[in-house]
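See below for the structure under consideration.
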Amino acid sequence: MFKKRGIDISTWQGNIDAGKVKNSGIEFVILREGYRQTADSRFFENARKCKEVGLTVMGVYHFSYALNAEQAKQEAQSCIANLQKAGLGKDTIVFFDFEYDTVTKAAASGVTLGRAECNAHTKAFCETVESFGYKAGIYFNIDYYRNWYDHDLLDKYVKWLADWSGDADYSCSFHQYSSKGSVPGISGNVDMNYYFVEESGTVVTGVTANAVLDVARGWLGYSEANGKFKEILDTYNSHKPLARGYAIKTTDEWCDAFVSACAIKAGAVDLIGTEVGCEKHIEIFEEKGIWIEDGSVKPEVGDVILFNWDDSTQPNDGYADHIGYVEQVYGDTIVCIEGNKGERVDRRTINVGWGYIRGFARPKYAAGTSTVVSPETKKTIDEIANEVIHGAWGNGDARKNSLTAAGYNYAEVQGRVNAILSGKAGVSKKSVDEVAREVIAGKWGNGDARKEALTKAGYNYSEIQNRVNALVSSSKKSVDAVAREVIQGKWGVGEDRKNRLKKAGYDYSAVQSRVNALM
């Protein structure tokens, strides 16, 4: 596999010297054809210059300002007419470019554009392009991939991903990896791109393990109790065709729906398939040649991990009844992210070779995944003992295994727990501020259950709750932090995003500007 290096240009690059561009090693160019139904002021000139020096024009892009699907069709028709006038053949890929400014300009005209309109306009444009015999493509960034576009629609066309953070996080044929390139023959910055090609000439795409894990991390804390787990189920059910035609219900076990939904949102369905049944998923892993029938091996970051709770020894070849992702591996310790762990998305820390591990699937991810991370700082015995008392580490052998896997001395922790519960050892109470922050993090439950737990632990409920209220009302996140949450999909899209940010007290324009800068 190799990468061809190219650029995309428009009128903003001014008067280019195509000869110098080609001689510098640039292998292809993507030209801005235009916007609305207007040609870019340098489109025809740039097309001519490239042809004169033999610099390949791989594609063109059209920046859309359509207010409805019919106008998107008209933009496509105008675009094709300009391509034909410029003498660009049907091997030229025509990309549709729907961006934040598309939404902003529409709003100024009194038209609200959201996810549905984004997909409808894209579909109308691309179908019209293909009706003329040209190949259609879609330009998008990470936010649009995660929160705006239907992945089934993206998969129909050539994908051009803008991701300036390093390797392409999602499957694509073209990767715009920088907006600040420097190329002889062009004054100022220019967008830099890669085109992925096999030695045979076939386009290569790929998804990294980190892209999948980013989705999983974004759902940490989603639970049946807060109702957010429904978003995970909806993501799974929205992807067609459904495995075995079955739509998962809120009353079903949903660990495998979580694993599948992460793959759906990250564009990794081709790597692991989709399922809601662990044993059925193993069949898919076996078909793809990625199943490891050995729960004692040391996994890699991004592996899918299967458990069988009916057998606590290796080799474990029983019926798999739980599933998750391996997030971290350090020494003999594994950290997993799992859906439906205690009816929520949560982490689990275990030892390599833990008896309950059924086996692993190792998806064929693209490069760019780290397989080892550093362990987090250990908590004090008092902290762990108090977590045990509050139920964070389970009971019996499960507690013992979890504590041991996390590197704690089980006997020491349990001894401290016993001492605390028997009243023979004083517990160093945490400050009101510390406990209030734990309440906000969800460690003390809600309503009467919270009140009872705090009172039982010797805390003044009213004092704690007052501090919680003060922290919640005063702890706004920075614009940068909220912008990154927007990119992760936590604030919705379009008008819904705007309304939610305003309701939370944030400056929508400031946040969206930061999103644009980060993307």
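The values are calculated or read from the model by the stated rules, or taken from the named source; none is laboratory data. If you're wondering where the values come from, they're calculated on a predicted model, not measured in any experiment. A quick note on method: Cβ atoms are made from the backbone with ideal geometry, for glycine too, and the neighbour counts reach across all protein chains shown.
Observations on the model:
- Filter result for the condition that a residue is out of contact with any Asp or Glu (no Cβ under 8 Å at 6 or more places or on another chain) and crowded, with 16+ Cβ neighbours inside 10 Å, over Ile9, Ile26, Ile30: Ile26
- Note on region 228-254: residues that are surrounded by 12 or more Cβ atoms within 10 Å (Cβ to Cβ) and of a type in the set (Lys, Arg) total 2.
- Residue in region 240-254 that is in contact with a Ser or Thr (Cβ under 7 Å, 6 or more places away or on another chain), of a type outside the set (A, V, I, L, M) and either modelled with pLDDT of 95 or more or farther than 12 Å from Gly339 by Cα (or both) present: no
- Exclusive hit being out of contact with any Pro (no Cβ under 9 Å at 6 or more places or on another chain), modelled with pLDDT of 95 or more and of a type in the set (Val, Ile, Thr), set Val276, Val304: Val276
- Tally, over region 129-169, of residues that are assigned to a strand (DSSP E or B) and either modelled with pLDDT under 90 or of a type outside the set (A, V, I, L, M, F, W, C) (or both): 5
- Considered as a group, the residues in region 47-60 that are without any contact (Cβ under 8 Å) to a residue 40 or more places away in the chain and more than 36 Å from the chain's Cα centre (by Cα) include one that is surrounded by the most Cβ atoms within 10 Å (Cβ to Cβ), and that residue is Cys50.
- Only listed residue being surrounded by fewer than 15 Cβ atoms within 10 Å (Cβ to Cβ), touching a residue at least 24 places away in the same chain (Cβ under 8 Å) and not acidic (Asp, Glu), chosen from Ala266, Ala225, Ala257, Ala261: Ala225
- Candidate set from region 325-341 (those that are under 17 Å from the mean Cα position of the chain (by Cα) and among the aliphatic types (A, V, I, L, M)); member that is nearest to Ile272 (Cα to Cα): Val326
- Residue check, Glu117 of a type in the set (D, E, K, R), assigned by TED's automatic domain parsing to the domain that holds Ala72 and more than 25 Å from the chain's Cα centre (by Cα): no
- Flag for Asp214 being in contact with a helix residue (DSSP H, G or I) (Cβ under 7 Å, 6 or more places away or on another chain), under 23 Å from Asp346 (Cβ atoms) and surrounded by 15 or more Cβ atoms within 10 Å (Cβ to Cβ): no
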